[in-house]
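Asker: Got a structure for you, written out below as structure tokens; questions coming shortly.
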Amino acid sequence: MNLPLQQLLKLQSLDQIALDAKKRIENIHAEIERIREKASQLETHLTQKQQSIQRQEVQYHSNTSQLQALEATLAKQKTRQLSTKKMEEYQALENANADLTRKIEDLENQMLTDLDHFEADKKAYAEWIGATQRDLEQLQLREKQLQSEKQSLQTTYAQQCANVSNFETHLRGPFYEVYTVLRRCEKTFPIVVPIIKGNQCSGCHLSVSTDTVAKAKLNAHPQCCENCGRLLFVEQES
Ligand SMILES: [Zn+2]
């Protein structure tokens, strides 16, 4: 193998390390986003449950006031009824009282049902809140770990980019030029690959022409796969 190719393979392995770090940073970033999304859903759910319980409480208090008002009205009507002398007025108040009594009964029944629901919801909430808060704490802890992992990987990535850059400062020539073009087009790594059995490019696993194989063996000029464009070389038999 000629020197430019050996250098390219070394450069490629340095690039690969940097790329791996970059990929891991991206994966961690995606995981952090998922964790944040999940935590935000839990928080929304928590707020909704709290608001629902508050609404029920407010409703119950409002019904209690309404019940007290109805009972006060009924008491007044009964007092008026006792002091009335006119039969007609007495009967009208009798009907009004019956009407009011029904309303009071309906409201009392409604309040009993509401109270059952309210108590059940409060109990379910009390059981749920503990587990949810623990889940939230775990998510926050996990996010913190990932953030620190990400930070250290970013340092590694920056160092590796510097290594690549230092290594390639003195590289020149057609092999290196082809390599930089392939790297710029973000071709899938590896971009320098050996020709394997059956004259196959080991990057895309399609056959390359015998002419390309012959030229690649000579090692004098860069040869690219006719299918995927990767830079080809022939491994020397040992
Ligand atoms: Zn190929």
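Asker: In the list Leu42, Leu67, which residue meets the criterion of being closer than 20 Å to Gln138 by Cβ and among the hydrophobic types (A, V, I, L, M, F, W, C)?
Answerer: Numbers: Leu67 fails: closer than 20 Å to Gln138 by Cβ.
Going through Leu42, Leu67 in turn, just one is closer than 20 Å to Gln138 by Cβ and among the hydrophobic types (A, V, I, L, M, F, W, C): Leu42.
Asker: Can you name the number of the only condition in (1) loosely packed, with under 14 Cβ neighbours inside 10 Å; (2) part of a helix (DSSP H, G or I) that His170 fails?
Answerer: It is condition (2) that His170 fails.
Asker: On to the next question. If you go through region 30-52, how many residues are more than 16 Å from Gln133 (Cβ to Cβ), in contact (Cβ under 8 Å) with a residue 12 or more places away in the chain and surrounded by fewer than 14 Cβ atoms within 10 Å (Cβ to Cβ)?
Answerer: Of the residues in that region, 2 qualify.
Asker: Now a separate question. Report whether or not His205 is within 16 Å of the ligand (Cβ to nearest atom) and open to solvent by 70 Å² or more (accessible area, probe 1.4 Å). So that I can check it myself, show each step before the final result.
Answerer: Values: within 16 Å of the ligand (Cβ to nearest atom): yes; open to solvent by 70 Å² or more (accessible area, probe 1.4 Å): yes.
Taking the combined requirement at face value, the residue satisfies it.
Asker: While we're here: Of the numbered conditions (1) more than 12 Å from the ligand (Cβ to nearest atom); (2) in contact (Cβ under 8 Å) with a residue 24 or more places away in the chain; (3) among the charged types (D, E, K, R), Lys187 satisfies every one except a single condition; which is it?
Answerer: (1)
Asker: Still on this structure: Any residue in region 197-214 that is within 17 Å of Leu182 (Cβ to Cβ) sitting within a Cβ distance under 6 Å of a residue that is of a type in the set (D, E, K, R) and open to solvent by less than 50 Å² (accessible area, probe 1.4 Å)? List the pairs, counting only those 6 or more apart or interchain.
Answerer: Correct list of pairs: Gly203/Arg230.
The values are calculated or read from the model by the stated rules, or taken from the named source; none is laboratory data. A quick note: this is a predicted structure, and the numbers were derived from the prediction, not measured. Cβ coordinates were reconstructed from backbone atoms using ideal geometry, including for glycine residues, and neighbour counts include every protein chain displayed. What goes into the accessible areas is simple: the full protein's heavy atoms, side chains included, and nothing from ligands, DNA or RNA. Shrake-Rupley method; radii C 1.70, N 1.55, O 1.52, S 1.80 Å.
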